[in-house]
Structure formats: C-alpha cells, structure tokens
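Undergrad: Here you go, one structure.
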C-alpha cells in the first residue's frame, strides 16, 4: 500500500490503516525504544504511548521526511521522556579529552549489543541517539535539555566505557 494512502487512511481514523501502519513500524520502533530505556516493559509503554500520539497527531505530518522518520522521532522523544525520571546527566562542559577511542579488532555484534545495554542510561541514551540513530549533538542536547558540551562529553565517555567493556568481553 502506498505511504500516502496509508497516511490518509490513518487521518480518517480507519482501524485497518492504523493496524497496517503499526505492523509496518512496530518492530523497528520497539528496538529503538528498548535500546534507549533498556527495559522490556518500559519499551512497550513507550511504543504504546508513541502510537497513541502518532494516530492522534498524524494529520500534522507534513511530508518533509518519510513517515518512518517522523514516527521514529516520536518514539525517541517518548523514550527520552520515560528516561528523564530515571536518567541523570552530569554536566561536563570543561571536560574535554581529544584522545581518540579505539575498538578491539575481534569485535562481534553480540558483544557490542551487550556492552551498549550495560552502559549507564545517560551514556547509553546519548550513544544510541548519536551513533546509532544519527542525531546531531545539537538535536540531542535540545531533546534531553542538556548542553551540547555535555552531549559531546557523555558520548566520549560512553565510547571509552564501551571500549573497556568490549576489551573485557574479548579477553574472556
């Protein structure tokens, strides 16, 4: 079904179109939510709240991006909202370290996933938003109500911690 027809059906509140839109995006959006909140129940809550918002606000979709990108933005914002109650970001404005981060050569995807999920929530959130989802530091700073400098330093320290965790996985 063409994207425009799917959107129009959802705007008209047709359940068949809403179900199809949900089914098309639910797995990918759950994965994004889970990576951010690191809890299955919270990720399900995020997904449910996001799709309620999506169906309520779909008439506001302007078509400046794909519907998938628009949905992803809503899911990410809902996941961050959930995390804000639990998450704590340290301001590290003056903490800069230009030292490059290197990764082990024998890295496996499974090890990387485990390492990412074991990061503290602030590090994990920023790492996922910037390195996995492709947001810019300015966007992340605005979403999380932190400074760009804090976003940059949290990403640096997330990468450093990931480097250590991955080294530990490989040495086992």
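Here, each number is a calculation from the coordinates, and none is a lab measurement. Small disclaimer: the values here were computed from a predicted structure and weren't measured. Don't worry about glycine lacking a Cβ; one is built from the backbone with ideal geometry, like all the others, and counts go over all protein chains shown.
Undergrad: Please provide three numbers in whole Å: the alpha-carbon extents of the stretch 3-84 along the principal axes, with the largest listed first.
TA: That works out to 34, 24, 18 Å along the principal axes.
Undergrad: While we're looking at this one, here's another question. What does the highest-first list of 130-138, 159-167 look like by mean Cβ count within 10 Å?
TA: 159-167, 130-138
Undergrad: Still on this structure, please answer the following. Could you calculate the contour length gain from residue 145 to residue 12, that is, 0.36 nm times the residue separation minus the distance between their Cα atoms, to one decimal place in nm?
TA: 44.4 nm
Undergrad: With 10 angstrom as the radius, rank 35, 77 by how many other C-beta atoms surround their C-beta, starting from the fewest.
TA: With the sparsest Cβ surroundings first, the list reads 77, 35.
Undergrad: Provide Rg and Dmax in Å for the stretch 109-171, with only Cα atoms included in the calculation.
TA: For the stretch 109-171, the Cα radius of gyration and maximum Cα-Cα distance read 11.8, 38 Å.
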